[in-house]
C-alpha cells in the first residue's frame, strides 16, 4: 500500500525531480542543503517510508526542478547512494544512482585550517580516494566523507 | 606552455631524479657560471627561512642571475591583505622564475596554477620541501655511490619531520630498508607506514637508539626532537636525551655510514661527532647549493646537455 502511494506521488509529478533512497537521518540535511524553503512550486518531503533495500527511507519530490551536475555532486557528498529520477511530461526521462565523482570542484571545504584553500579566495578541488575518503588537491590531506563540510 | 614548476618531487620517476643528480654533479664541478645571465630569479619568502633563502639566492647568483624578492612578509603587500594570487601575478611580470616559501600548505601548487612562469616550492607549511629532498638524495648518492638497496635510519621526530616524509616517498623506487627510531609520541604517522606497505618499502620501527641498533646503517638521518611537539612534557623530559647521537655510539657502525641532518641542530648531535669521518651534515648543506642550481636550471628549461657543454663557466 505504501509503495503504491509513493508510486502515485512520483507519477503525479508533471515535471521535476525525485530524490529517492535517502537515509532517514539525512533527509533534513538534504532538505536544508537544497534550500527547499525557497522553492515556490510543489515540494513533497516524506520520511520513514518502507523500502525493500533499506527498510526505511526518505524521499523528496520537487516540481519544476532539474539539478545541475554541481548540485548532484553536492548531494553525492552528503548521501553517496541516493537515486535521482527526472520527470518530464509525466514520463521518467532519467533514473540514476548518484555516485561520488572522481573529482569534486568547489563543493567541499578542506578541514585543514592551514590549507591554502581556507586562506585564499579560490576553488577547492578534492579527489575521491575510495567510497569513504576524499583527498585535498592542495594540502594533500585525506578526509573521511562522514566528517566532510560543504563549502 | 608546459608548466615546469617544481612543487613536489615525490612522484618523480627514477630517470628524472638521476637526471637532476647528474646536473647537480656538473654544478659541483663548476658552480660558477653565467648560464643565467639576463635572467631574474624572484625569492618570495612569505615565511622567513634564512638558510633556504640564502642557499637559493647563492645558487642564482653563482649562475649569473639577478635576484629580487623579500625575506619578511611583514614588509610586503600580503600584510595589507593582498591575495597570494595577486602577488604571484605581479611578480610574474618581473621575474623568470619564482622561488617561494609559504606557511600555508598547498600554496606553491596554487601559485603554479595562476602563473605562466615556473614556481619552485621552497617549503609550504609542513607539506613539501622538494629542494631539501633533492639535496638529501644528492648527499646519499654522492656518499654511497648509489641510491639502491640502502639501510636508511631515521631518528628523532618522525611525526612532524617534513624532510623525512619527503625523503621516504622519493626513495620508493630504490628498494630501501627504513628503520624508524623515535619516541612513541613522535613515531612515523600511519599514513606513511601505509605508503610503505602500498609501495613494498621495507621498514622496521624501534624506540631504542644505541650503538647496536644503528650498526647496520648506511645513512643515519637525524632530526630534532622539539619540546613544543609534546603534549606531555614529562614524556619530553624522559626522551629528550634518548635520541642524542654521541661519538661513542659510532664504534660499530659501517665504514660507509654517513650522518645527515637537515639543520639547524640543537643538541641531537653532540659536537664531538663533528670530527668523525661519518659526519656529513655540513657537506650536506653545501650540496644544497648544487641541487638548487640544478632545480633552477631545470625549471628554466636548461638541459643537462646544455649544462655539460656550457661555455660560460667561470674558473
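Values as computed for the structure displayed
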read-out	value
Count of the range A:135-148 residues which are within 18 Å of the chain's Cα centre (by Cα) and facing chain B (nearest Cβ under 7 Å)	0
2 or more residues surrounded by fewer than 22 Cβ atoms within 10 Å (Cβ to Cβ) and touching a strand residue (DSSP E or B) at 6+ places or on another chain (Cβ under 6 Å): qualifying helices (runs of 4 or more DSSP H) within the range B:1-112	B:50-62
Residues located in the range B:170-191, provided they are touching a strand residue (DSSP E or B) at 6+ places or on another chain (Cβ under 9 Å) and without any contact (Cβ under 8 Å) to a residue 40 or more places away in the chain	B:171, B:175, B:176, B:177, B:178, B:179, B:180, B:187, B:188, B:191
Strands (runs of 3 or more DSSP E) wholly inside the range A:20-134 that include at least 2 residues being within 14 Å of chain B (Cβ to nearest Cβ) and modelled with pLDDT of 90 or more	A:125-130
Candidate set: the range A:10-19, residues that are in contact with a strand residue (DSSP E or B) (Cβ under 6 Å, 6 or more places away or on another chain) and either free of Cβ contacts under 8 Å to residues at least 12 places away in the same chain or not in a strand (DSSP E or B) (or both); chosen: the one surrounded by the most Cβ atoms within 10 Å (Cβ to Cβ)	A:13
Counted residues, the range B:274-315 - those being more than 22 Å from the chain's Cα centre (by Cα), buried (at least 16 other Cβ atoms within 10 Å of the Cβ) and part of a helix (DSSP H, G or I)	1
Residue identified as under 30 Å from residue B:192 (Cβ atoms), free of Cβ contacts under 8 Å to residues at least 60 places away in the same chain and out of contact with any helix residue (DSSP H, G or I) (no Cβ under 8 Å at 6 or more places or on another chain) among A:108, A:114	A:114
Residue ID - farthest from the other protein chains (Cβ to nearest Cβ), chosen from residues in the range B:113-141 that are outside any strand (DSSP E or B) and over 13 Å from the mean Cα position of the chain (by Cα)	B:141
Output for the range B:192-203, where each listed residue is surrounded by 13 or more Cβ atoms within 10 Å (Cβ to Cβ) and touching a strand residue (DSSP E or B) at 6+ places or on another chain (Cβ under 6 Å)	B:196, B:203
Complete set of residues in the range B:64-95 that are touching a helix residue (DSSP H, G or I) at 6+ places or on another chain (Cβ under 7 Å), away from chain A (no Cβ under 14 Å) and modelled with pLDDT of 95 or more	B:67
Some residue of the range B:263-270 being outside any helix (DSSP H, G or I) and on the phi > 0 side of the Ramachandran plot	yes
Filter result for residue B:115 (free of Cβ contacts under 8 Å to residues at least 60 places away in the same chain, surrounded by fewer than 24 Cβ atoms within 10 Å (Cβ to Cβ) and under 28 Å from residue B:25 (Cα atoms))	no
Matching residues, the range B:142-161, being out of contact with any strand residue (DSSP E or B) (no Cβ under 6 Å at 6 or more places or on another chain) and assigned to a helix (DSSP H, G or I)	B:142, B:144
The one condition in (1) over 20 Å from the mean Cα position of the chain (by Cα); (2) at pLDDT below 95; (3) farther than 19 Å from residue B:259 by Cβ that residue B:193 fails to fulfil	(2)
Among (1) farther than 23 Å from residue B:138 by Cα; (2) in contact with a strand residue (DSSP E or B) (Cβ under 8 Å, 6 or more places away or on another chain); (3) not in a loop (DSSP other than H, G, I, E, B) - the single one residue B:164 does not satisfy	(1)
Residues within the range B:204-258 that are in contact with a strand residue (DSSP E or B) (Cβ under 9 Å, 6 or more places away or on another chain), within 13 Å of residue B:278 (Cβ to Cβ) and buried (at least 18 other Cβ atoms within 10 Å of the Cβ), tallied	12
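Yes/no per residue for (1) touching a helix residue (DSSP H, G or I) at 6+ places or on another chain (Cβ under 8 Å); (2) in the same structural domain as residue B:41 (by TED's automatic domain parsing); (3) within 30 Å of residue B:3 (Cα to Cα):
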{"site": "B:201", "(1), (2), (3)": "yes, no, no"}
{"site": "B:207", "(1), (2), (3)": "yes, no, no"}
{"site": "B:242", "(1), (2), (3)": "no, no, no"}
{"site": "B:255", "(1), (2), (3)": "no, no, no"}
{"site": "B:292", "(1), (2), (3)": "yes, yes, yes"}
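The values are calculated or read from the model by the stated rules, or taken from the named source; none is laboratory data. Not measured: the values here are computed from a predicted model. Virtual Cβ from ideal backbone geometry, glycine too; neighbours counted across all protein chains shown.
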